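> This is the structure, below, for whatever I ask next.
The values are calculated or read from the model by the stated rules, or taken from the named source; none is laboratory data. Given the structure is predicted, the values throughout are model-derived calculations rather than measurements. With ideal geometry, Cβ positions are generated from the backbone for all residues, glycine too; neighbour counts draw on all protein chains shown.
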């Protein structure tokens, strides 16, 4: 799943909180989530991924892959489409948090309780939390040649919150509420940095180990197929042809 970020971001994606500052010199074009149902599935990916990562040098100056051996957690998801392909009209943001100390367990526990509290708020349509392992600059990842993979110390221990609101207005109203003030109280005891990124589109290529239409055809052709209602393009014989190179008997 790809999350594309918008460089034109409003000034209120995330409110200032006591004891927490912006990450210095932190700009991103997007984020990618690659998940697996089993270690065997990941092993298959690892065998083939050199083809994918060899192409990063043609698009990116820097990429960083954080390991999530126990996966991520969706605490609430009231979004209608589980496999979006583009801008779905929602106000989506990613907020990156940097730990204030070296106690990773305490940091992740605080981020988990914070995410759980946010999930109980009606204004938020989606809350998904990523708490990756400490990034090791001596073991740079992903294995993409000719691409920068090092991060500064403040970005080695991260947590990432995916949030979705119905609109920027609903987001601003929530930040101004007593509910947000209550759940955010004391967050600076464990968090030193926080920077938010506006999401311009979400693109799902695999869902439940199955290629989506975007995964099979590419995001833009899939959008066109949806927009013009090209039902002949989603028939099983077409899918079979694309996957095997053969027209079914």
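> Considering each of 247, 228 in turn, give the residue that is loosely packed, with under 13 Cβ neighbours inside 10 Å and in contact with a helix residue (DSSP H, G or I) (Cβ under 7 Å, 6 or more places away or on another chain).
That would be 247, the only listed residue that is loosely packed, with under 13 Cβ neighbours inside 10 Å and in contact with a helix residue (DSSP H, G or I) (Cβ under 7 Å, 6 or more places away or on another chain).
> Looking for something within 30 Å of residue 217 (Cα to Cα), in contact with a strand residue (DSSP E or B) (Cβ under 9 Å, 6 or more places away or on another chain), assigned to a strand (DSSP E or B) and touching a residue at least 12 places away in the same chain (Cβ under 8 Å) - is there at least one such residue anywhere in the stretch 99-114?
The answer is no; no qualifying residue exists.
> Quick check on my filter: what residues within the stretch 3-14 are exposed (fewer than 15 other Cβ atoms within 10 Å of the Cβ) and either touching a helix residue (DSSP H, G or I) at 6+ places or on another chain (Cβ under 9 Å) or within 22 Å of residue 99 (Cα to Cα) (or both)?
10, 12
> Yes or no: residue 127 closer than 20 Å to residue 6 by Cα, in the same structural domain as residue 151 (by TED's automatic domain parsing) and not in a strand (DSSP E or B)?
no
> Follow-up question, since we're still on this one. Hey, any hits in the stretch 130-149 for a residue that's in contact with a helix residue (DSSP H, G or I) (Cβ under 9 Å, 6 or more places away or on another chain), free of Cβ contacts under 8 Å to residues at least 60 places away in the same chain, over 26 Å from residue 50 (Cα atoms) and in the same structural domain as residue 78 (by TED's automatic domain parsing)?
The answer is no, given that none of the residues of the stretch 130-149 is in contact with a helix residue (DSSP H, G or I) (Cβ under 9 Å, 6 or more places away or on another chain), free of Cβ contacts under 8 Å to residues at least 60 places away in the same chain, over 26 Å from residue 50 (Cα atoms) and in the same structural domain as residue 78 (by TED's automatic domain parsing).
> What do you reckon, is residue 17 within 16 Å of residue 200 (Cβ to Cβ) and in a loop (DSSP other than H, G, I, E, B)?
No, not satisfied.
> On to the next question. Kindly indicate which of 158, 187 is on the phi < 0 side of the Ramachandran plot, in contact with a strand residue (DSSP E or B) (Cβ under 7 Å, 6 or more places away or on another chain) and touching a residue at least 40 places away in the same chain (Cβ under 8 Å).
158
> Something else now. Among the residues in the stretch 30-50, are any surrounded by 14 or more Cβ atoms within 10 Å (Cβ to Cβ), touching a strand residue (DSSP E or B) at 6+ places or on another chain (Cβ under 6 Å) and either free of Cβ contacts under 8 Å to residues at least 40 places away in the same chain or in a loop (DSSP other than H, G, I, E, B) (or both)?
Looking for residues that are surrounded by 14 or more Cβ atoms within 10 Å (Cβ to Cβ), touching a strand residue (DSSP E or B) at 6+ places or on another chain (Cβ under 6 Å) and either free of Cβ contacts under 8 Å to residues at least 40 places away in the same chain or in a loop (DSSP other than H, G, I, E, B) (or both), one finds at least one in the stretch 30-50, hence yes.
Condition check ((1) touching a residue at least 60 places away in the same chain (Cβ under 8 Å); (2) buried (at least 17 other Cβ atoms within 10 Å of the Cβ); (3) touching a helix residue (DSSP H, G or I) at 6+ places or on another chain (Cβ under 8 Å)) across all residues:
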residue	(1), (2), (3)
169	no, no, no
177	no, no, no
181	no, no, no
192	yes, yes, yes
201	yes, yes, no
209	yes, no, yes
213	yes, yes, yes
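> Looking only at the stretch 182-196, filter to residues that are outside any strand (DSSP E or B) and over 19 Å from residue 121 (Cα atoms); which one of those is farthest from the chain's Cα centre (by Cα)?
My answer is 189.
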